[in-house]
Amino acid sequence: MLRLIVTSLCLRCQHVTASPLNLRPFATLSPGENQQTVEDLYDLSVDIQKVRKFKGWVLHQSPAYTKDVADLLKAMGASGSVVARILEVHPEAVLCHPEQMQAQRKLWMSVCPNEKELVGIIEKFPASFFTSTSHHDNQRNNLAYFQSLNLNKRIVTKLMASAPQSFSQPLEQNKVMVRTLQQAYQDLGGEEANMKTWLQKLLSQNPFVLLKSPEVLRQNLLFLKDQGFSAAELLHLISKLRGFVTELNPDSMHRTLAYSQDAMGCSKAELRDIILNCPALLYYPEAILAERIKSLLSARISMSQIIETPTVLELTMQIVIYRIQRLKAHGYDVRTGSLEVLNGTKKDFEMSCGKLLLRGERPIFNPVAPLKGGD
């Protein structure tokens with residue numbers, strides 16, 4: 001009897017071992033999925049459920065080159081966890097043919113200083129690296145063109161990574177927009193010796209400017225000129241607006257300027273000075289400006305303070321209220337002091353608060369208000 005039981009168990013073990021069923025958690029197939037793709041992704045520790053939820057269609061495609069993608073990334077120094085993160089965010093990468101990936105690697109290495117940096121770019125912008133083969137000719141042509149402009153390699157790399165559409169579009173479109181920007185710079189009195197630096201800064205701050213219409217830029221500059229801005233002031237606005245001048249239109253700017261002048265009770269000349277101190281005001285819709293001005297006035301901040309420091313309108317009201325409360329706790333009253341202390345990044349603001357906390361030091365922006373003893 002014992003021998004019979006043992007024999008029966010052995011036969012059952014053999015049956016289980018020979019079973020073709022996949023017992024891996026989450027690696028079971030949904031209808032129509034490519035089994036090899038699912039298996040390969042699972043082996044790479046990719047979250048299959050996440051891929052199914054957001055990019056499930058990829059798992060139904062064939063052929064797929066999952067192992068080739070992983071091998072390429074690892075050969076460039078990517079760790080297993082980095083490979084998994086890339087494929088979770090952009091599983092479409094597995095549909096790129098190995099030859100296509102090698103071509104991309106060669107193209108990107110012509111502007112990247114090393115493969116480690118390239119891996120970092122791919123991790124942040126995987127869609128920019130794993131692109132359609134139909135765009136490769138445009139990519140090569142556009143890359144050669146921007147290199148011919150003697151732009152810094154890091155600027156070109158940033159363009160390729162953050163605005164891949166500009167490299168996928170036909171070369172002539174980029175040439176037209178670059179020429180338009182260069183012509184506007186010269187017409188407004190920009191110095192030829194500084195034009196390359198100016199163009200690099202503009203493209204770095206807003207890579208998507210290349211995707212805009214040159215005609216929009218011309219119309220906006222003409223509108224602002226009609227508002228009384230001089231050539232030098234227009235050049236200042238283009239430089240400070242980080243390319244937003246191509247995303248605006250005369251109608252929206254007209255409404256914003258009309259509202260701002262009415263709300264602030266200033267003349268057109270005074271409004272131009274305010275805009276020059278805070279060019280971003282041109283970009284905000286009147287509804288947003290109205291909400292922010294109302295909130296500032298509700299905090300008993302005067303309109304004259306807002307006019308003196310208009311950049312405070314660039315901050316969301318949640319940030320402004322939080323910073324006002326923090327400053328109040330340190331003995332600084334924004335109602336009687338400068339609003340300049342509210343501006344800047346989070347790090348800048350924390351540094352200002354840190355100075356207020358120094359024992360025995362009075363607030364640097366309002367020397368009249370004393371520090372609380374507990375601070």
Specify the angular offset, from 0 to 90 degrees and rounded to the nearest 10, of the alpha carbon long axis of helix 250-264 from the longest principal axis of the alpha carbons in the chain.
-> 50 degrees
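Over 30 Å between C-alpha atoms is what I'm after, so list which of K50/K175; K196/K225; K53/K201; K106/K196; K74/K240 land there. Numbers along the way, then the final one.
Working: K50/K175 41 Å; K196/K225 24 Å; K53/K201 39 Å; K106/K196 27 Å; K74/K240 41 Å.
Exceeds cut-off: K50/K175; K53/K201; K74/K240.
Which order, highest average first, do 115-123, 286-294 follow once you tally other Cβ atoms within 10 Å for each residue and take the mean per peptide? Spell out each step's value before the answer.
Working: 115-123: 18.2, 286-294: 15.1.
Listed from highest to lowest mean packing, they are 115-123, 286-294.
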Ranked from fewest to most other Cβ atoms within 10 Å of their own Cβ, C278, C112 fall in the order C278, C112
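How much length is gained on full extension from K53 to Q183, taking 0.36 nm per residue of separation minus their Cα-Cα distance?
42.0 nm
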Sketch the reach of a paramagnetic label on S134 as a point 7 Å from Cα along Cα-to-Cβ, and name the residues of region 92-108 whose backbone nitrogen lies under 18 Å away.
-> 92-93, 95-97, 100-101
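Taking 0.36 nm per intervening residue step and subtracting the Cα-Cα distance, what contour gain separates R335 from D43 on full extension? Present the calculation step by step, with values, prior to reporting the outcome.
Numbers: separation 292, 0.36 × 292 = 105.12 nm, distance 6.12 nm.
Separation in residues times 0.36 nm, less the Cα-Cα distance, equals 99.0 nm.
How long are the three semi-axes of the equivalent ellipsoid for the chain, computed from the Cα gyration tensor as the root of 5 times each eigenvalue, in whole Å, largest first?
Details: eigenvalues 576, 215, 71 Å².
Gyration-tensor ellipsoid for the chain: 54, 33, 19 Å.
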Using a Förster distance of 45 Å, the FRET efficiency for S148-S62 (Cβ separation, nearest 0.05) = 0.65
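Lys and Arg at +1, Asp and Glu at -1: add these up for the other residues within a Cβ distance under 13 Å of T316 and post the number.
Values: positive: R292, R323, K346; negative: E291, E314.
Summing Lys and Arg as +1 and Asp and Glu as -1 gives +1.
Based on the mean of other beta carbon atoms within 10 Å per residue, what is the order of 143-150, 343-350, 102-109, most packed first?
Listed from highest to lowest mean packing, they are 102-109, 143-150, 343-350.
Please find the FRET efficiency linking S79 to S110, where r is the Cβ-Cβ separation and R0 is fixed at 35 Å, and quote it to the nearest 0.05. Don't skip to the end; give the middle numbers.
Working: r = 25 Å, r/R0 = 0.71.
About 0.90, to the nearest 0.05.
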Could you work out how far apart the two model spin labels at C266 and M195 are, taking each label as a point 7 Å from the Cα in the direction of the beta carbon, and quote it in nm?
-> 3.3 nm
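Treat every Asp and Glu Cβ in the chain as -1 and every Lys and Arg Cβ as +1, leave all other atoms uncharged, and give the resulting dipole magnitude about the Cα centre to the nearest 20 debye.
On the way: 43 positive and 36 negative charges, 193 e Å.
My answer is approximately 920 debye.
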Residue-ordered couplings for region 68-81, obtained by feeding phi - 60° into the Karplus form 6.51 cos²θ - 1.76 cosθ + 1.60 and rounding to whole Hz (Gly and Pro as x), are 5, 4, 4, 5, 4, 5, 5, 5, 8, x, 6, 7, x, 5
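Mind sorting M76, M351 by how few other Cβ atoms lie within 10 Å of their own Cβ, fewest first? If you can, show how the numbers build up before the last one.
On the way: M76 16, M351 11.
Sorted ascending by nearby Cβ count, the order is M351, M76.
What do the square roots of 5 times the Cα gyration tensor eigenvalues come to for region 145-248, in whole Å, largest first, as semi-axes of the equivalent ellipsoid? Numbers along the way, then the final one.
Details: eigenvalues 103, 44, 27 Å².
Sorted largest first and rounded, they come to 23, 15, 12 Å.
Where a number appears in this text, it was derived from the coordinates with a stated rule and is not lab data. Source: prediction; values computed, not measured. Here the Cβ is made from the backbone with ideal geometry for all residues, glycine too, and neighbour counts use every protein chain on show.
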